[in-house]
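Notes follow once the structure below has been shown.
The values are calculated or read from the model by the stated rules, or taken from the named source; none is laboratory data. Note that the structure is a prediction, hence the values are computed from the model and not measured. Cβ placement follows ideal geometry from the backbone for every residue including glycine, while neighbour counts extend to all protein chains displayed.
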Amino acid sequence: MEIEKTNIDGQEEQKTAMGASMELKDKKVGMEGQGDGVMGAIKSFLDFSFETIRVVIVSLIIIFVVRSFVIQPFFVKGSSMEPNFQDGNYLIVNEIGYRLEEPKRGDVIVFRYPNDTSEFFIKRVIGLPGETLEIKDGSVKIYNQENPLGFLLDESTYLANSVVTAGSLSEELGGDEYFVLGDNRGASSDSRRWGKLSKHYIIGKAWVRAWPFENFAVFESFNY
């Protein structure tokens, strides 16, 4: 009887030991699962961080390319283009357009001032390469292949009838030279004062007036 009891006790002890082992194993498995969760969270965070950094870098590259070669913002300073462009107007300038086509008469352009390339001017294209431009009696006359006898430039689309183009001069433009004037003819430092504008100084065409919002506008080329 005692032997049987001993065997039974041994079995109970064995079962108890096996239960303890299983419980310990369960605890270890639980710890391993918890570790996997932490590592997964860290991995997810790192993946998210790398993706965010990549998006930021790509965005900065795109912004740099766009700002350098496609469009660029400029603020109008001064009164030389009034009333069409006011001091403080915020403009978006199309830089890529003149890589595909030539500036047209009537385009409002932003360019580096030839006598100080750290300064930026905004003026209107009046004379084109190969033409001869004459200012006389308050008006502008253009001579070119199509009009060898010349024609008086009609600027009534963007200038008031009372505006007079002061000066008396005649300029023959070379193959990459333009003659530019401010719309506010009485208060503009332009080609009448410092001469012809070479194309390589031109940055681009005034494309959009983004500010002030109530004067938002998209500018198109003129048909004379």
statement: When Gly167 is run through (1) under 14 Å from Ser80 (Cβ atoms); (2) in contact with a helix residue (DSSP H, G or I) (Cβ under 9 Å, 6 or more places away or on another chain); (3) without any contact (Cβ under 8 Å) to a residue 40 or more places away in the chain, the failure sits at (1)
query: Within segment 142-153, how many residues are exposed (fewer than 11 other Cβ atoms within 10 Å of the Cβ) and within 17 Å of Leu181 (Cα to Cα)?
result: 0
- prompt: Which of the residues belonging to segment 139-175 are in contact with a Pro (Cβ under 6 Å, 6 or more places away or on another chain) and at pLDDT below 95?
  reply: Gly175
- request: Find all pairs meeting these conditions: Cβ atoms under 9 angstrom apart; at least six residues apart or on different chains; first residue within segment 135-157 and on the phi > 0 side of the Ramachandran plot; second residue assigned to a strand (DSSP E or B) and basic (Lys, Arg).
  value: Gly150/Lys141
- prompt: Could you say whether any residue in segment 92-100 is of a type in the set (Val, Ile, Thr), at pLDDT 95 or above, in the same structural domain as Ala210 (by TED's automatic domain parsing) and surrounded by 14 or more Cβ atoms within 10 Å (Cβ to Cβ)?
  reply: no
Selection within segment 175-191 - under 31 Å from the mean Cα position of the chain (by Cα) and not hydrophobic (A, V, I, L, M, F, W, C): Gly175, Asp176, Glu177, Tyr178, Gly182, Asp183, Asn184, Arg185, Ser188, Ser189, Asp190, Ser191
task: Report, by residue number, each residue of segment 184-224 that is part of a loop (DSSP other than H, G, I, E, B) and in contact with an Asp or Glu (Cβ under 7 Å, 6 or more places away or on another chain).
output: Asn184, Lys196, Ser221, Tyr224
message: Here is a check on your reading of the model: is Gly175 free of Cβ contacts under 8 Å to residues at least 60 places away in the same chain and assigned by TED's automatic domain parsing to the domain that holds Tyr90?
response: yes
